[in-house]
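One structure below.
The values are calculated or read from the model by the stated rules, or taken from the named source; none is laboratory data. Note that the structure is predicted; figures quoted are calculated from it, not measured. All Cβ positions, even for glycine, are placed from backbone atoms using ideal geometry, and neighbour counts span all protein chains on display.
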Amino acid sequence: MFKFYEESRVDWFNSDSFEEPVMFYLIGCLCGLAIYNSTIIVLNFPLALYKKLLKRSPDVEDLKEVMPQLGRGLQQMMDYEEDDFEDVFCQTFEISVESFGEIKNVELCKGGSKKTVTKSNRKEYLDLYISYIFNGSIEKQYTAFSDGFLKVCDSKVLELFHPLELQSMVIGNENYDFHILEKNTEYKGEYHRYHPTIKIFWDVFHDLSIEQKKKFLLFLTGSDRIPILGMETIKVIIQPTQGGERYLPVAHTCFNILDLPTYDDKQTLKDKLVLAIEHTQGFGIV
């Protein structure tokens with residue numbers, strides 16, 4: 001359904017996808033439901049998607065986000081001011097793209113294969129190239145996705161958001177304040193804020209690196225990002241579990257519940273916690 005770009009680590013619609021439009025429609029509904037229910041989902045879509053949903057046009061910066069090398073090359077073309085422009089770039093309004101393992105030529109405009117890119121028309125070439133990547137080549141897939149998204153989210157309400165805000169509504173943000181997470185945590189069973197194991201747990205947690213803390217969030221909640229309304233909206237429950245110190249902490253991701261054995265010393269707790277969070281994965285869409 002989606003093509004993963006190794007260079008940028010983002011996903012974009014696969015123009016060669018064999019999936020029926022209804023599948024893209026359902027993914028659009030899923031993104032809309034994430035906003036409606038204030039739920040974070042792990043989607044590596046670029047900002048360009050959220051621009052399109054808000055009826056804004058992607059630009060060369062969006063191309064750089066998805067295809068950095070291509071974006072930089074086109075930017076160099078736009079910035080080149082020497083008189084030998086046509087000799088250096090030798091480009092027409094025709095591009096080569098891969099389709100089903102083969103290279104095919106695509107004209108960006110009528111007669112594009114015979115139209116030379118010059119300093120005077122290079123902006124037109126850039127705009128047509130970007131439009132092909134973000135619009136023309138994936139029109140069927142995106143239209144189905146957009147229909148699903150707008151089925152859940154009112155387009156009038158969306159107009160209130162900027163693209164970055166809309167993106168944060170779906171995938172969250174990275175405004176971490178882990179002391180708020182500690183403050184909002186609830187405890188069950190014999191555990192309470194001043195229980196020796198709980199005090200050790202928070203001492204260990206706050207000593208972790210930021211990357212380890214993000215992995216803990218992924219381990220516990222299924223996402224390493226923060227809802228747009230902030231860390232205050234993440235409600236964590238820590239409860240004791242039977243079995244003793246030889247057992248690892250266990251996360252119930254759907255409910256943000258952590259089963260924490262009653263560890264007696266800091267080093268044991270740290271070893272078990274790090275082992276647990278280093279060998280887990282969150283949810284994603286392939």
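Determine whether SER146 is assigned by TED's automatic domain parsing to the domain that holds ILE35 and either under 30 Å from PHE201 (Cβ atoms) or within 19 Å of the chain's Cα centre (by Cα) (or both). Answer is yes for this residue.
Within the range 233-252, at least one residue is hydrophobic (A, V, I, L, M, F, W, C), more than 21 Å from PRO196 (Cβ to Cβ), assigned by TED's automatic domain parsing to the domain that holds GLU190 and touching a Phe, Trp or Tyr at 6+ places or on another chain (Cβ under 6 Å). Among the residues of the range 172-185, those that are surrounded by fewer than 19 Cβ atoms within 10 Å (Cβ to Cβ) and either at pLDDT 95 or above or part of a helix (DSSP H, G or I) (or both) comprise PHE178, HIS179, ILE180, GLU182, LYS183, ASN184. Set side by side, the residues ASP203, ASP224 differ, and just one is surrounded by 17 or more Cβ atoms within 10 Å (Cβ to Cβ) and either farther than 30 Å from LEU53 by Cα or in contact (Cβ under 8 Å) with a residue 12 or more places away in the chain (or both), which is ASP224.
A count restricted to the range 107-122 and to residues that are under 34 Å from the mean Cα position of the chain (by Cα) and either farther than 27 Å from SER15 by Cα or buried (at least 16 other Cβ atoms within 10 Å of the Cβ) (or both) stands at 3.
This table checks each residue for (1) in the same structural domain as ASN135 (by TED's automatic domain parsing); (2) without any contact (Cβ under 8 Å) to a residue 12 or more places away in the chain; (3) surrounded by 16 or more Cβ atoms within 10 Å (Cβ to Cβ).
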position: CYS29; (1), (2), (3): yes, no, yes
position: GLU61; (1), (2), (3): yes, yes, no
position: GLY71; (1), (2), (3): yes, yes, yes
position: GLU98; (1), (2), (3): yes, yes, no
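Put simply, of PRO249, PRO240 the only residue that is more than 27 Å from the chain's Cα centre (by Cα), more than 26 Å from LYS51 (Cβ to Cβ) and crowded, with 20+ Cβ neighbours inside 10 Å is PRO249. Any residue at all in the range 255-274 that is under 29 Å from the mean Cα position of the chain (by Cα), in a helix (DSSP H, G or I) and closer than 15 Å to GLU182 by Cβ? Yes - at least one qualifying residue is present in the range 255-274. Of the residues making up the range 186-211, those that are modelled with pLDDT of 90 or more, out of contact with any strand residue (DSSP E or B) (no Cβ under 8 Å at 6 or more places or on another chain) and outside any loop (DSSP other than H, G, I, E, B) are PRO196, LYS199, ILE200, TRP202, ASP203, VAL204, PHE205, HIS206, ASP207.
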